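Asker: I am attaching a structure below and will ask some questions about it afterwards.
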Amino acid sequence: MAEPFGAVEVIRTKRDGGALSDAQIDWVISAYTRGAVADEQMAALAMAVLLRGLTPAELTRWTAAMIESGERLDLSGVSRPTTDKHSTGGVGDKITLPLAPLVAACGAAVPQLSGRGLGHTGGTLDKLESIPGWRAAVSNEDFVRQLNEVGAVVCAAGDQLAPADRKLYALRDVTGTVESIPLIASSIMSKKIAEGSASLVLDVKVGTGAFMKDLASARELAATMVSLGTAHGVRTVALLTDMSTPLGRTAGNALEVAESVEVLAGGGPADVVALTLALAREMLAGAGLPDVDPAEALRDGRAMDVWRAMIAAQGGDPAAPLPTARERHVVAAPVSGLLTRLDALAVGVAAWRLGAGRARKEDAVAAGAGVVMLAKPGDEVREGQPLLELHADDPALFGRALEALDGGYDIGGELTPTPLVIDRIS
Ligand code: URA
């Protein structure tokens, strides 16, 4: 079949600052997905987009073409209103675990196609896979059935969900073209829109442990994603939330599951509870249930009941003991005083080096590995008091994790309180 365009002319148009036509965008995404545009050509186009940007009209079309490259899930068979959450990723960000069953317990359905972690931020599937027996793979029929019977599914995205993004994201990763707001926004939103949820809440993290280190770029990413969702008929809002310090008191797969279960049991760290409730309220409002109080469903055990059903539906045993790491190492406070900073990136890299994360996508993760934070910013500590507990299967990993933590916390000086929810964009 003769191709209607040449890749070189499309690259040149963007390289020289021109706008691509709808037909050019549709063609280049589809031709790349089926292999008629080569990786080196798409890499050049991605770099041109990174340097020149996309107009709002180009970006909407680009996202639509990525959605069209695969299947859009049909959730018309789901009897409850659907709503989902996406986080741009942070350290100790286990919020999906208590949030999905909580929102389901309040009457909405939560269809969440999720990913595995790469680098210092953990993936939701890696956390859930630390539960004995739990399976990430769910067929489309079981997905709809579980949404109707349990109300929440967190599972792996199939190969047919935005395959253009799967290919393009891997290419961007090795060509220095990840850090482009239009490319990030279209990558995330193509997958989320294809998932079929009627409403979506974005948790855009900002701070040292996040993808977006500064507020201005986090705000721009959030606004771009909100307009893409809206343009595709998905009710979308974004919360900008702090990721300068880790969320909660654990970073690591099984450690975060245990902390999430504490939240579902009515306890858990205050920041995890507060963010779970803030996101639950937004999701319920998006689903047309603004008057349901999620705090009540957390208190009375309904969210815990849904959690157990959600884990069991995917083969997991919610009562089974979670894996633990073989070795521990305590980091003690070197002086007495107020803990004024505990850096999210330092803790994230330490947890990663302990085995909780992976460097390449084919690596396995250690379910029990990670960091337990025995003190958080705002706590008074005494010299010699345990601050952090490192968990690993192999004690040889402690050295490199300790290097990552070097300079990662301050005792004394000024505490700059940052609100957990910085802004809301709709
Ligand atoms: N996550 C995605 O899914 N895509 C990006 O481009 C960046 C983060």
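Asker: Determine the dipole magnitude for the stretch 276-378: charges of +1 sit on the beta-carbon of Lys and Arg, -1 on that of Asp and Glu, nothing else is charged, the reference point is the Cα centre, and the result goes in debye to the nearest 20.
Answerer: Dipole magnitude for the stretch 276-378 comes out near 500 debye.
Asker: Quick one: net charge around L275, please, counting Lys, Arg +1 and Asp, Glu -1 for every other residue with C-beta under 15 Å from its C-beta. List each step's numbers first, then the result.
Answerer: Details: positive: K85, K94, K205, R249, R281, K376, R424; negative: D93, D203, D242, E256, E259, E262, D271, E282, D423.
Result for the local shell: -2.
Asker: Please give the peptides 291-297, 191-197 ranked by average Cβ packing (other Cβ atoms within 10 Å per residue), highest first, as a rough proxy for protection. Could the numbers behind the result be given before it?
Answerer: Details: 291-297: 15.6, 191-197: 24.7.
Those peptides, ordered most packed to least, come out 191-197, 291-297.
Asker: Would you pull out the residues with amide H under 5 Å of T245's amide H, same chain only if 5 or more places away, H placed 1.01 Å from N?
Answerer: Placed amide hydrogens put A344 under 5 Å from T245.
Asker: D423's amide H: which non-local residues (gap 5+, or another chain) put their own amide H closer than 5 Å, with H modeled 1.01 Å from N in plane and none for Pro or chain starts?
Answerer: Long-range HN contacts for D423: L240.
Asker: Still on this structure, please answer the following. Under a Cβ-Cβ cut-off of 9 Å, what is the net charge of the residues other than K85 that fall near it, where Lys and Arg count +1 and Asp and Glu count -1? Walk me through the numbers on the way to the answer.
Answerer: Working: positive: none; negative: D84, D203, E282.
Taking every other residue near K85 into account, the sum is -3.
Asker: Another question about this same structure. Step through the residues of the stretch 61-70 one at a time and calculate ³J(HN,Hα) from phi using the Karplus curve (6.51 cos²θ - 1.76 cosθ + 1.60, θ = phi - 60°), rounding each to whole Hz and writing x for Gly and Pro.
Answerer: Residue by residue, the stretch 61-70 yields 5, 4, 5, 4, 5, 5, 5, 5, 5, x Hz.
Asker: Tally up the carbon and sulfur contribution to the accessible surface of the stretch 284-401 as a whole percent, 1.4 Å probe, everything protein left in place.
Answerer: C and S fraction of accessible area: 53 percent.
Asker: For the stretch 147-159, what does the Karplus curve 6.51 cos²θ - 1.76 cosθ + 1.60, with θ = phi - 60°, yield as ³J(HN,Hα) per residue in whole Hz, taken in order and with x for Gly and Pro?
Answerer: For the stretch 147-159, the Karplus curve yields 5, 6, 8, 10, x, 8, 9, 10, 8, 6, 6, x, 5 Hz.
Asker: Please compute the contact order of the stretch 7-53 in relative form: average sequence separation of alpha-carbon pairs under 8 Å and at least six residues apart, divided by the residue count, as a percent.
Answerer: 51
Asker: For a test of understanding, tell me how many lysine pairs in the stretch 144-247 have Cα atoms under 19 Å apart, given they are 8 or more places apart or on different chains.
Answerer: Number of lysine pairs found: 5.
Asker: Right, something else. Accessible area per residue, 1.4 Å probe, Å², for the stretch 327-411: what's the number?
Answerer: Accessible surface, normalised per residue, equals 45 Å².
Asker: Moving on to the next point. Using θ = phi - 60° and the Karplus form 6.51 cos²θ - 1.76 cosθ + 1.60, what ³J(HN,Hα) does each residue of the stretch 303-311 get, whole Hz, x for Gly and Pro?
Answerer: 5, 5, 4, 5, 3, 4, 5, 5, 5
Asker: Could you give the dipole magnitude of the stretch 37-131 about its Cα centre, charging the beta-carbon of Lys and Arg +1 and that of Asp and Glu -1, in debye to the nearest 20?
Answerer: In debye, rounded to 20, the stretch 37-131 gives about 340.
Asker: So, one more: Pick from E259, E414, E58: which residue has the top mean-square fluctuation in a GNM of the chain where Cα pairs under 10 Å get a spring?
Answerer: E414
Asker: Now for a different question. Hey, can you find the accessible area per residue of the stretch 11-109 for me, probe 1.4 Å, expressed in square angstrom?
Answerer: 36
Asker: When the chain is modelled as a GNM with alpha-carbon springs shorter than 10 Å, which of V261, V347, V201 fluctuates the most?
Answerer: Maximum fluctuation in the GNM of the chain, among the listed residues, is at V261.
Asker: Please list, in chain and number order, the residues 5+ apart from G107 or on another chain whose amide H is under 5 Å from its amide H, with Hs placed from the backbone.
Answerer: HN-HN under 5 Å from G107: empty list.
Asker: Can you list the trypsin sites (Lys or Arg not before Pro) in the stretch 292-328 that are in a DSSP coil and have 15 or fewer other beta carbons within 10 angstrom?
Answerer: Those satisfying the criteria are R326.
Asker: Still on this structure, I have one more. I'd like the carbon and sulfur percentage of the solvent accessible area for the stretch 7-53, probe radius 1.4 Å, heavy atoms only, ligands and nucleic acids excluded.
Answerer: 50
Asker: Quick check on the chain: helices-only [θ] at 222 nm, where DSSP H runs of length 4 and up contribute -39,500 (n - 2.57) each and the sum goes over total residues. Nearest 500, please.
Answerer: Working: 16 runs with 178 residues, N = 426.
Using -39500 (n - 2.57) per qualifying helix, the result is -12500 deg cm²/dmol.
Asker: Hey, if we sort D406, D22 by accessible area with the 1.4 Å probe, largest down, what's the order?
Answerer: So, going from the largest accessible area down, we get D406, D22.
The values are calculated or read from the model by the stated rules, or taken from the named source; none is laboratory data. Quantities reported herein were computed from a predicted structural model and do not represent experimental measurements. Cβ atoms come from the backbone with ideal geometry, glycine included; neighbour counts cover every protein chain shown. Quick note on the areas: whole protein, heavy atoms, side chains included, nothing else; ligands and nucleic acids left out. Shrake-Rupley method; radii C 1.70, N 1.55, O 1.52, S 1.80 Å.
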